[in-house]
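The values are calculated or read from the model by the stated rules, or taken from the named source; none is laboratory data. Keep in mind it's a predicted model, so treat the numbers as computed, not measured. A quick note on method: Cβ atoms are made from the backbone with ideal geometry, for glycine too, and the neighbour counts reach across all protein chains shown. Heavy atoms of the whole protein, side chains included, go into the accessibility calculation; ligands, DNA and RNA do not. Shrake-Rupley method; radii C 1.70, N 1.55, O 1.52, S 1.80 Å.
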Amino acid sequence: MKVAVIGAGASGLISAKVLSEKGINYDVFETGDQVGGTWIYSENTVDKHGLPVASSMYRDLRTNLPKEVMEFSEYHYDIENVSYITPSQVLDYLQSFCNEYNLKDNIKLEHLVTRVSRTDGGWLLTAKDLNHGTENTTFYDAVFICNGHYSLPNYPEVEVKEAFTGLSLHSHYYKTPDIFDNKIVLIIGMGPSAQDITFNIHPNSKQIYLSHHYTEEVKQLFPEDIIHKPDVKAIEGKTVYFEDDTNAEVDAILYCTGYKYSFPFLDESCGIKVYNNYVSPLYKQVFSITHPTMVFIGLPFRSFLFPMFEIQARCALNTLTGIVNLPPREEMLEDMKSWEKVQISRGYSENKFHMISDCIYQYFRDVEKVGNVTPPCPDMIFKLFYRAAKNRKSDLVKYRNEVFKIIDAENFIVK
């Protein structure tokens, strides 16, 4: 068996590791010149080949999850007395992980995957060597899609009566707070990035408007001088109109409105569709139901990701090697439809179908069961994650002061 892995970020590296453990022949294709994916900080918007920089890191970022839930099961951070760390520390961890398990020899850096198509018994993958300009097409029995989903900005649909004349950018391009010095800034969104960047630019800005549709309780977590507004209805020059029929003059707009799933290299023959940011048809958000030897690692969001990448990769490996068999196609389709109905019942549209915040534990256990993944992710990791998430909701600044220490598979302490 020969497997292609597209991407050498966290999901691609753990996929490479589980494949190497079983002695499976694999190639990892990475557009950048180093491994680490989104954790590579860059102040540039394009790389040396003129391609968009995938990373969404900014200079002052610290993780919004403790490192103890951001590691793989057999490899730990060599960092003590701090749980919330910098992108460079996560990057060091991933690059050390790559070296520890001798993954580099199978990684093709600066190789852009331009096309994946279905062929008899497998897949044809075409990749361009960015340094030499040559393209090669290779046959693979299976493909792991690990290209991440934090690189293509998503913008809300807003009526523009007259083009905005101030500074406008997506959080993907945000790097340092000085660009907002003495400016009246509108931040659109209330996800983790919007929350963190609000505090980051607060000392620099003249005034911040925060547009979202969250409750009064959330508003109490921010500085008193921040003005909370509902969704934006229209933009006219520097005037922004809100759904409550108020308006404001602003100098800058920062869109913290998420990202789009994008797989431009997938040919129609792959049978994968993306509609309203929902990737389908997939079984457990991992397996292509049409062609199950194509798997996606890392699609779900609002979870702790590194352990999720690992159980998904191990689940995929166990099905590909015949340790377990997937259900019949009809059963997988029915399972997918049932999941969609559950998300709809929670009030979500397609663009939230990959969000698992309401059922993280159950999702992990479902994937582990499908792939007979052992050992399962320890219950202690879930408890630590929920403890950290609860603290974040009560204090958006001080929650990062907590330091966790894992004692064993069942226990952790807070220093």
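The peptide list 219-227, 107-115, put in order of mean Cβ contacts within 10 Å with the highest first, becomes 107-115, 219-227.
For the range 174-311, a crude dipole built from +1 on the beta carbon of Lys and Arg and -1 on the beta carbon of Asp and Glu, taken about the Cα centre, is about 460 debye to the nearest 20. Accessible surface area normalised per residue over the chain is 47 Å², counting heavy atoms of protein chains with a 1.4 Å rolling probe.
Which whole-angstrom value gives the distance between the alpha carbon centres of the range 135-178 and the range 269-297? Cα centres, the range 135-178 to the range 269-297: 20 Å.
Charge dipole (Cα centre; +1 on Lys/Arg Cβ, -1 on Asp/Glu Cβ; no other charges) of the chain amounts to roughly 380 debye.
Rounded if a/c is under 1.5, else prolate if a/b beats b/c, else oblate: with a ≥ b ≥ c from the C-alpha gyration tensor eigenvalues square-rooted, which is the range 13-149?
Values: a/c = 2.41, a/b = 1.42, b/c = 1.69.
Judged from the Cα gyration tensor, the range 13-149 comes out oblate (a/c at least 1.5, b/c at or above a/b).
As a rough guide to protection, the peptides 120-127, 160-167, 408-415 ranked by mean Cβ packing within 10 Å, highest first, stand as 120-127, 160-167, 408-415. Model label sites at Leu333 and Gln220, defined 7 Å from Cα along the beta-carbon direction, differ in position by 5.0 nm.
Counting only DSSP H runs of at least 4 residues, each contributing -39500 (n - 2.57), and dividing by the residue count of the chain, the helix-based mean residue ellipticity at 222 nm comes to -7500 deg cm²/dmol.
With +1 on each Lys and Arg Cβ and -1 on each Asp and Glu Cβ, and nothing else charged, work out how big the dipole of the range 131-216 is about its Cα centre, in Debye to the nearest 20.
280 debye
Among Glu159, Glu368, the order of accessible area from largest down is Glu159, Glu368, computed with a 1.4 Å probe on protein heavy atoms. Couplings for the range 77-93, taken from phi via the Karplus curve 6.51 cos²θ - 1.76 cosθ + 1.60 with θ = phi - 60°, read 5, 9, 9, 10, 6, 7, 10, 9, 10, 8, x, 5, 6, 5, 4, 4, 4 Hz in order; Gly and Pro are left as x. Modelled spin labels at Ile407 and His213, positioned 7 Å past Cα toward Cβ, are 4.5 nm from each other. Shape call for the range 277-415 from the C-alpha gyration tensor, a ≥ b ≥ c root eigenvalues: rounded (a/c under 1.5), prolate (a/b greater than b/c) or oblate? In terms of gyration-tensor shape, oblate.
Look at the dipole of the chain built from charges on Cβ: of Thr290, Gly23, Gln220, the Cα furthest out on the positive end belongs to Gly23. Here the range 219-252 is scanned for amide nitrogen atoms under 20 Å from the site 7 Å beyond the Cα of Glu162 along Cα-to-Cβ, giving 232-243, 245-252. Between Val324 and Ser117, the contour length at 0.36 nm per residue exceeds the alpha carbon distance by 72.0 nm. Ranking Ile323, Leu299, Ile272 by how far each Cα lies toward the positive end of the dipole of the range 250-328 (charges on Cβ) leaves Ile323 at the top. Close amide H partners of Arg115, meaning residues 5 or more places away or on another chain with modelled amide H under 5 Å apart, are Thr126. Just the protein heavy atoms count here, and of the accessible area of the chain at 1.4 Å, carbon and sulfur take up 47 percent.
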